[in-house]
Amino acid sequence: MQIIRRRLSRSLASLLLLGVTASAVAEQGVTEQKIILGQSAAFSGPAAQLGIQLHAGAKAYFDQVNSTGGVHGRKIEIIKMDDKYEAELAAANTKKLIENEDVFALFGYVGTPTSNASLPIFTAAKVPFFAPFTGAQSLREPLNRQIFNIRGSYFDETEHLVERLVRTGIKNIAVFYQNDAYGKAGLAGVERALKKMNVQMVETATVERNSTDVAKAIEKILPKRPDAIIQISAYSSCAAYIKEMRKAGYTGQFYNVSFVGSQALADALGKEGPGIVISQVVPFPWHAATPVVAEYTKVMQKAGITDLNFSSLEGFIAAKVFVEGLRRSGRNLTREKLISSLESINSANYDVGGFDVNFSPTSHNGSKYVDMTVISKDGKFRN
């Protein structure tokens, strides 16, 4: 009897040890039932609509996937944290998401300064950082194995804007930009594009992040009377600048990059909106002939969301590509498998639905797509 008891005890100890070992090697943020993602973005403050809209599109797609059984039997959960578009808060949130919430990957961060502040944290922890809402080169070069970009870069957008202006005879160009990493990244893109076209910048002026104090920027640019002003800031400050410049008698054109938050800018401008141009990095959200837009519209309606916009479409597309990476990774999901699986996605073997995404082991920049839109008289958009 003693021998039997000892054998049972040893067997139980072995089983417990196996359980501990299995638990120790299980990937963080992955359980039998769930895959847990983390998102730090602006959900309050002057840039709140960027985080709210991006999250809405992504969550609608994840919920649709979950309603049909998830990915390999696991449902996707996304934990969101508000960073108010402030770098220090984003870094603190990133540490919490990785260390306290045990997320598998980070998804849909909003902004250059916030993403840059989080970069050393997720890089050291080797946590995938998917689809940040920024076009900054700092998240593209050099290659970081953890970062995957769905949207085109600010270089892509600003080159498209500058070429359009110069080829239509507009060469008297100024830049109004946010005085941080995002604004400077966009400014660098404009300077680079102007140099290629052999055109001199007329003037530049800045606004602080999360501020609408544009008085000094008006004083600096207005006397130069540029034909066009390219804006590299968020919707609140851009709207304030456009309104105040119009009050001061400026009659030139305003051009914006996609990060501005198109619908939020149109809403903030109201009757001052018509004619404002915005570059876009995803297809037109109301063009149902584009397959991914038709899918997006159907899923958003099912989720009870009728407010379609560029930012939520971007979140939707990002979620769709991320889920494809999860599917290719198989049931035995790890971060390394996800990275390898995402690197295998390209337009030759995966159709997003009218929007090309091309990743590889040497490039995690999935798209160079840029389109142009203008705010119409009804506060909507045309392209």
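Bear in mind these aren't lab numbers, they're just calculated from the coordinates by the rules spelled out. As the structure is a computational prediction, the values presented were derived from the model and not from experiment. No Cβ is skipped: glycine too gets one built from the backbone with ideal geometry, and neighbour counts run over all protein chains shown.
Hydrophobic long helices, here whole DSSP H runs in the chain with Kyte-Doolittle means of at least -0.5 and Cα atoms spread over 27 Å or more along the helix axis, are found at 2-25, 48-67, 310-329.
Pairs spanning more than 31 Å between alpha-carbon atoms, out of Lys59/Lys380; Lys224/Lys271; Lys80/Lys247; Lys84/Lys302; Lys196/Lys380; Lys80/Lys196: Lys80/Lys247; Lys196/Lys380; Lys80/Lys196. Give, as ranges by residue number, the residues of region 264-288 whose backbone N falls under 18 Å from the point 7 Å along Cα→Cβ of Arg167. It comes to 277-281, nothing else.
Size descriptors for region 72-161: radius of gyration and Dmax over Cα atoms are 13.5, 45 Å.
Excluding same-chain neighbours fewer than eight residues apart, the aspartates and glutamates reachable from Lys96 by a Cα-Cα span under 19 Å are Glu27, Glu77, Asp82, Asp83, Glu86, Glu88. Remark: relative contact order (the chain) = 17 percent; criterion is Cα-Cα distance under 8 angstrom and separation of 6 or more residues.
Using the scaling law 2.2 N^0.38 Å as the reference, what is the normalised Cα Rg of region 154-280? After normalising by residue count via 2.2 N^0.38 Å, the value is 0.94. Placing +1 on the Cβ of every Lys and Arg and -1 on the Cβ of every Asp and Glu, with nothing else charged, gives the chain a dipole about its Cα centre of roughly 740 debye. Take the Cα of Gln200, step 7 Å toward its Cβ, do the same at Lys380, and the gap between the two points is 4.5 nm. Stretched out straight at 0.36 nm per residue, the stretch from Ser138 to Glu101 would grow longer than its current Cα-Cα span by 10.7 nm. Legend: P(r) of region 304-383 from all alpha carbon pair distances, 5 Å bins from 0, whole percents, reading 3, 12, 20, 20, 15, 11, 9, 5, 3, 1, 0. Dividing the Cα radius of gyration of the chain by 2.2 N^0.38 Å, with N the residue count, gives 1.10. A convex hull fitted around the alpha carbon atoms of region 155-225 yields 80 Å³ per residue. Each DSSP beta bridge with both residues in the chain is either parallel or antiparallel, and the antiparallel ones are about 20%.
For a straight C-alpha distance cut-off of 16 angstrom, the lysines reachable from Lys337 (same-chain residues fewer than eight places away being disregarded) are Lys126. Here the spin labels are modelled as points 7 Å beyond Cα on the Cα-Cβ line, and at Asp307 and Asn358 they lie 3.6 nm apart.
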